[in-house]
Structures are given as C-alpha cells and as structure tokens.
Amino acid sequence: MKLKNRVGIVTGAGGGIGRAIAQAFIEEGARVAALDINLDSLLSLEQEVGARSSQLMICASDATALESIRDTVDLVMSKWGQIDILVNNVGGGIGTHSDSTLVDEGWDATVALNLTGCFCFIQAVADPMRRQKYGRVVNISSSGGRYRSNTGAANIAYAAAKGGVLQLTRTVAHALGRDGITVNAIAPGLVMTQAGRKEYEMLAPALRERVLRETPLGYFCEPSEIASIAVFLASSDASYVTGATILANGGWCTS
Ligand SMILES: NC(=O)c1ccc[n+]([C@@H]2O[C@H](COP(=O)([O-])OP(=O)(O)OC[C@H]3O[C@@H](n4cnc5c(N)ncnc54)[C@H](O)[C@@H]3O)[C@@H](O)[C@H]2O)c1
C-alpha cells in the first residue's frame, strides 16, 4: 500500500474526481478528510467506502472560506495529529462567459473557487507540514489553464484561474522544497464526471467528433485515471518530483 500511515485532505471529495481520489487514497491505506460543501455527497461517499469508513472523516465545509479552511485543518490535526497530503481539487467554472465580448460575470467567484481557496488551503497546511518536514500538495488545475479549450468553451475566468494554479504550484514548490514538501499539479482534459459529462453533452455532435478525433487516445478520461496520478504524486514514488504539472488529456494538446 502506497499511502499507509498517511493522512490526507481532499477538497471537493463528494464530486467526480475528488471522490475517486479519496477512494483511491483509502484503498492505498491513507486516512482521508473528505471536504465538500454538499453534505449529501459526502454521506454517499461514506456509504461507498463501507467497511473502511474508519479511514474517512467527512467535513461539510466551504473550501473558499478562510475560517472553515482553518477549522478543517485544526479538526484533522486534533483527530489524527498529522497532515501529510493536501489535494486541492475544488473548482469549476461559474457564471456566464464569452471570449468575444470579454463579459465574465463570474470572475470573482471563479477565481475564489479555483485559485484563492487553493492558496489559502496550502497556507493552512504549511505549518503542520513544515513541522513534520514532510508534505505532498497536489493541485487539480486543467488543460484549459495551459491551452485554449478544444471544445470551444471559453470561460476566461476559469482558464485564468487554472493557469494561476499552475504558477502557484511552481512558486510554492520553490518556497516549501527545503521543508520536505512537494507541490505538483494535474491538468486534466475532459473527464467524465457529472460536470464533465454535462459539458460534453452540450457540444454539437460534429464538435464532439472533432474533439475525439483530435484526442490521440480516442476517448475521454475517467475520474479513476486522474486518481491514479494523484496517488503517484502523493506517494514516495514521486519523492523527487516538485513544481511539475502532469497533463492528463489523452494527448489532445499534441494534435
Ligand atoms: N471534469 C472535467 O472535465 C475537468 C477537466 C479539467 C479539470 N477539472 C477540475 O477538476 C476538479 C474536479 O472537477 P469535477 O468534474 O470532479 O467536479 P464536480 O462538480 O463533479 O465536483 C466538484 C465538487 O466540489 C464541491 N464544491 C463546489 N464548491 C465547493 C466549495 N466552495 N467548497 C467545498 N466543496 C465545493 C461540489 O459540491 C462537488 O462535489 C475541478 O477543479 C475542475 O475544475 C475537471
């Protein structure tokens, strides 16, 4: 088991990718604090985890509110006494957007959800990780944070915030490296979560075909394929990897 005796926090753990990461961490022996704003989604995760629920702590909380971030970190420290892994997975596009008119009503909320919350969470776990001289931070960005979306979806705030996550990853990796803390990012393409499926279903059939044609692997990602990368980055297998971004988009950026 790659994560035995480790304790991790996974944000947005009730949703598609976060849920798959929380489950994979538990399977690899970690104890996981699963945070989500949606309590029902956490309760269903708890049911799925079943016999291993002693390895799970659910936290119905807002990953963008400084006070609840600090409360979550305090709760995990008081229950398990350590925080080894943080997965900043919460994110998504909010509001209406258009790249031709530069209207983006959801700018502040999108940046808060995808970028500011990510920074605040790293700040909150930095002290316990520094004391341990060990930590693994995994930030979930997006291929849209590096390349223009291949589906034509043009959420400027989302793309800018996810690009910010990539630069945050590099700079924080530099700041925390001497403390034994690695900081890396995963940049997925379209992943078949509920949110990803909805985006896919909104595409015109011709566009769906083009996107698939331009994806060398010829299919869209499953959440478990992102979770396995998170396990790698959180484990000692990735001990010399920091400041890196792993693109997981079936190769479409090479088309
Ligand atoms: N699905 C994709 O195609 C795709 C592609 C690239 C990147 N991503 C990124 O992966 C991450 C996860 O995406 P997903 O598709 O699993 O999303 P999702 O919508 O399935 O899950 C997101 C979860 O976050 C929770 N959440 C939302 N706001 C929150 C808040 N303020 N505090 C705490 N929890 C909150 C939601 O309740 C939900 O359970 C996001 O950062 C997303 O931007 C997704």
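The values are calculated or read from the model by the stated rules, or taken from the named source; none is laboratory data. Because the structure is predicted, anything quoted here is derived from the model rather than measured. When we count neighbours, we look across all protein chains shown, and the Cβ atoms used for this are built from the backbone with ideal geometry, even at glycine. Just so you know, the surface numbers come from the protein's heavy atoms only, side chains and all, with ligands and any DNA or RNA stripped out. Shrake-Rupley method; radii C 1.70, N 1.55, O 1.52, S 1.80 Å.
What is the spin-label model distance, in nm, from Arg178 to Met192 if the labels are put 7 Å beyond Cα along the C-beta direction?
Each label point lies 7 Å from its Cα, and together they span 4.8 nm.
Out of Asp84, Asp36, Asp127, any idea which swings most in a Gaussian network model of the chain, alpha carbons joined below 10 Å?
Residue with maximal mean-square fluctuation among Asp84, Asp36, Asp127: Asp127.
Please figure out what share of the DSSP beta bridges in segment 7-254 is antiparallel and state it in percent, rounded to the nearest 5. Walk me through the numbers on the way to the answer.
On the way: 2 of 30 bridges.
The answer is about 5 percent antiparallel.
Please work out how many pairs of lysine residues in the chain are eight or more positions apart (or on different chains) and have Cα atoms closer than 24 angstrom. Please list the in-between numbers first.
Details: Lys2/Lys79; Lys2/Lys133; Lys4/Lys79; Lys4/Lys133; Lys79/Lys133; Lys162/Lys198.
Qualifying lysine pairs in the chain: 6.
Give the Cα extents of segment 1-63 along the principal axes, in whole Å, largest first.
29, 22, 18
Whose amide H sits under 5 Å from the amide H of Phe220, counting only residues 5 or more places off or on another chain, with H placed in the peptide plane?
Amide H neighbours of Phe220, under 5 Å, 5+ apart: none.
May I ask you to compute the full-extension gain from Glu201 to Arg52, defined as 0.36 nm times their residue separation minus their alpha-carbon distance, rounded to one decimal in nm? Intermediate results must be reported in sequence, preceding the final value.
Numbers: separation 149, 0.36 × 149 = 53.64 nm, distance 3.49 nm.
Stretched out fully, the Glu201 to Arg52 stretch lengthens by 50.2 nm.
What list of ³J(HN,Hα) couplings, whole Hz, do you get for segment 111-117 from phi and the Karplus terms 6.51, -1.76, 1.60, once you set θ to phi - 60° and write x for glycine and proline?
5, 4, 5, 8, 10, 5, x
Just order 165-178, 196-209, 113-126, 19-32 by mean Cβ neighbour count inside 10 Å, highest at the front, would you?
Packing order, densest peptide first, comes out as 19-32, 113-126, 165-178, 196-209.
Quick one: pull the percent of accessible area on the chain belonging to carbon and sulfur, 1.4 Å probe, ligands and nucleic acids left out. Walk me through the numbers on the way to the answer.
On the way: 6240 of 11750 Å².
Answer for the chain: carbon and sulfur cover 53 percent of the accessible area.
Using only Cα atoms, locate the centre of segment 191-255 and the centre of segment 56-92, then give the distance between them in Å, rounded to an integer.
26 Å
With a 1.4 Å probe and all protein chains kept in place, how do Trp80, Trp107 rank by accessible area, largest first?
On the way: Trp80 35, Trp107 110 Å².
Largest to smallest exposure gives the sequence Trp107, Trp80.
For segment 1-132, restrict the atom set to alpha-carbon positions and state the Rg and Dmax in Å.
Final numbers for Rg and Dmax: 15.6, 52 Å.
Based only on Cα atoms, what Rg/Rh ratio does segment 7-254 have, Rh being taken as Kirkwood's radius?
Numbers: Rg = 17.4 Å, Rh = 18.1 Å.
Rg divided by Rh gives 0.96.
Whose amide H sits under 5 Å from the amide H of Val87, counting only residues 5 or more places off or on another chain, with H placed in the peptide plane?
The answer is Ile9, Val10, Thr11, Val138.
Let me check I've understood the local charge: for Thr242, count other residues with C-beta under 12 angstrom from its C-beta, Lys and Arg +1, Asp and Glu -1. What total comes out? Could the numbers behind the result be given before it?
On the way: positive: Arg136, Arg170, Arg178; negative: Asp179.
It works out to a net charge of +2.
Please give me the summed charge of the neighbours of Ser68: other residues whose Cβ is under 14 Å from its Cβ, Lys and Arg +1, Asp and Glu -1.
With Lys, Arg at +1 and Asp, Glu at -1, the neighbours total -4.
Before I look further, what does the chain give for accessible area per residue, probe 1.4 Å, in whole square angstrom?
Values: 11750 Å² over 255 residues.
Ligands and nucleic acids excluded, the figure is 46 Å² per residue.
What net charge is computed for the residues neighbouring Asn89, neighbours being all others with C-beta under 12 Å from the C-beta of Asn89, Lys and Arg scored +1, Asp and Glu -1?
Values: positive: Arg19; negative: Asp36.
Net charge around Asn89: 0.
Using each residue's phi in segment 61-72, evaluate 6.51 cos²θ - 1.76 cosθ + 1.60 at θ = phi - 60° and report the 3J(HN,Hα) Karplus result to the nearest Hz, with x for Gly and Pro.
Result, rounded to whole Hz: 7, 9, 6, 10, 9, 3, 5, 6, 4, 5, 4, 5.
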